[in-house]
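See below for the structure under consideration.
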Amino acid sequence: MRAPALGALCVLLLAACEKPPELGEPLDGLTEDQRARFDEGRTVFDSVFTPETGLGPLFNAEGCAACHSAPVSGGAGAISEVHASALLPSGFCDPLADRGGPVFQQRVTPALRDALGIDREPIPPAATDSALRTTPDVFGFGLLDAVPDSALLALADPDDADGDGISGRVNRFFDGRIGRFGRKALVPTLAEFNEGAFQIESGVTVPNVPDEGTIAGDPFPDGVDPAPEPELGEEEVARVDAFVRFLAPPAPAKLGRDGRRGERLFGEIGCAGCHVPSLRTGDGPVEALANREVAAYTDLLLHDMGEELADICLGSVAGPAEFRTEPLMGLRHMERFLHDGRATTIEEATLLHGGEARASRDAFEALSPEDRSALLAFLGSL
Amino acid sequence: MIGARRRLGARPPTLLILLAAAFAVPEARAAPPGHQEADTLRGTVRAVEEGAGVEVITGFHLALRVVYVRVDGETRVTAADRPVALAELEPGQVVRIRLREGVEGPVAATIEAVRPGDAPGGLR
């Protein structure tokens with residue numbers, strides 16, 4: 001009897017000591033085939049496009065890893081992009097889709113520059129607001145994608161029925177589906193987020209976006225786009241999707257005494273009202289993604305963050321001041337904070353919260369130096 | 001709004017047809033052979049031109065496009081299962097449009113106002 005008990009104890013100890021995946025590594029529990037797809041996808045993710053292989057004519061970066069690279073592929077980056085939209089007096093938010101919006105690319109290929117003499121896509125006069133968007137990391141996004149819509153709706157409280165001053169609501173894509181990806185939670189699925197980014201960020205057409213769009217509403221001149229459409233095939237798109245989908249979330253650092261107190265304070269002053277510590281994924285075909293807890297520290301809902309942070313409207317729901325709760329997993333690897341990167345420290349970002357977060361921000365300001373330091377130690381562990 | 005539509009309308013009709021085809025949801029491909037209502041399009045109304053057509057915002061991720069869909073005397077417009085006039089559709093309204101082949105290209109057979117929660121596929 002002793003030997004089996006000892007064996008079981010060893011197994012338990014080994015399991016307890018099992019290290020979580022390193023940053024940039026895949027989720028535990030993938031099949032061999034899924035792991036192979038992940039590795040293949042990283043190759044496409046890290047590749048650099050040229051005009052001959054599909055880059056441009058308008059683009060923000062030459063490939064995924066040109067932005068998502070810090071500190072490893074899939075991470076954040078220093079590049080910011082420009083979005084614009086028009087909020088009409090009727091309240092309708094026009095994404096300026098027929099005039100190149102809502103993403104206005106900041107770079108052009110040499111052929112387009114030679115043809116038109118432009119260095120970027122111009123923002124049309126019809127835009128009422130524009131905004132900078134930093135590059136987020138994409139670690140753990142597969143798990144976020146696997147959280148059921150029903151979980152988001154259960155967290156939503158659009159009319160603040162519970163009177164806690166927090167009224168998160170879902171954004172919806174133009175076809176009515178619930179959104180969750182992007183700073184305004186517009187994009188419904190990770191597959192769309194991944195595939196669409198090729199065209200939006202690199203000007204690389206894909207099966208679901210088989211045209212280059214326009215230059216602020218005007219057609220591209222002949223001869224500036226040498227590669228035939230779509231410039232990237234279904235198989236390469238699927239590989240990149242597998243890479244991003246299977247990227248493991250960053251493992252939090254081990255908490256010391258201060259960090260544990262900070263974690264408690266995080267809940268006590270209300271941060272966890274929006275930065276919900278954990279979401280649970282639903283059933284799904286990938287075992288490594290199904291029925292898992294993900295310590296994302298987000299509710300994936302829109303919240304009013306106050307006029308000081310407001311920029312553009314996007315979609316049928318998100319007003320200029322509304323932003324999706326930013327996931328905090330991987331926070332310690334970030335160098336710029338908030339949707340436009342205006343904050344250079346976690347503390348500064350916290351102090352810039354307004355709107356529904358004002359009460360928590362005020363409570364943070366009112367903390368003793370020791371408690372504030374403890375809370376920042378906790379946040380710095382994520 | 002109308003100015004924007006004219007700008008789009010000034011493009012070659014073939015571009016509109018191609019755009020409509022590119023963003024049409026392929027679910028109706030399973031329709032019986034010979035079925036005339038070839039495709040379905042879902043999106044948000046951007047503008048309405050009474051008796052002529054409707055501009056719909058659709059797309060993929062943030063690669064958004066505006067598709068102009070023509071209507072004719074046979075187009076049925078409904079909201080909450082009730083017939084309504086095309087002019088009752090407002091910018092921001094999510095619609096499901098079933099297209100059929102008309103004499104001059106695709107035309108809306110039905111335009112149905114969709115409530116939040118009635119999105120394609122329902123809740124996941």
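Rule-based calculations on the coordinates, nothing more; no lab input. Quick caveat, the model's predicted, so the values are computed rather than measured. Cβ sites come from the backbone with ideal geometry, for glycine too, and all protein chains shown count toward neighbours.
Taking the fewest neighbouring Cβ atoms within 10 Å as the starting point, the ordered list for A:305, A:334 is A:334, A:305. Computed per residue of chain A from DSSP H runs no shorter than four, each worth -39500 (n - 2.57), the mean residue ellipticity at 222 nm is -9000 deg cm²/dmol.
Normalised by 2.2 N^0.38 Å, with N the number of residues, the alpha-carbon radius of gyration of the range A:162-311 equals 1.36. Per-residue mean of foreign Cβ neighbours for A:314-320 is 2 (Cβ atoms of other chains, 10 Å radius). Once the convex hull of all Cα atoms in the range B:39-122 is built, its volume per residue stands at 97 Å³.
State the Cα centre-to-centre distance between the range A:161-231 and the range A:285-302 in whole Å. So the two Cα centres are separated by 22 Å. The angle separating the long axis of helix A:190-202 from the principal Cα axis of greatest extent in chain A is about 40 degrees. Residue ranges A:292-301, A:37-46 sort as A:292-301, A:37-46 when ordered by packing (mean number of other C-beta atoms within 10 Å per residue, highest first). In terms of other Cβ atoms within 10 Å, A:254, A:184 run from fewest to most in the order A:254, A:184. Expressed as a fraction of 2.2 N^0.38 Å, the value expected for a compact globular protein of N residues, the C-alpha radius of gyration of the range A:262-322 is 1.46.
For the segment A:206-216, counting C-beta atoms of other chains within 10 Å of every residue's C-beta and taking the mean gives 3. For chain A, the Kirkwood estimate of the hydrodynamic radius, built from every pair of different alpha carbons, is 22.1 Å. Inter-chain Cβ neighbour count for B:51-61, averaged per residue, equals 6 (cutoff 10 Å, partner chain atoms only).
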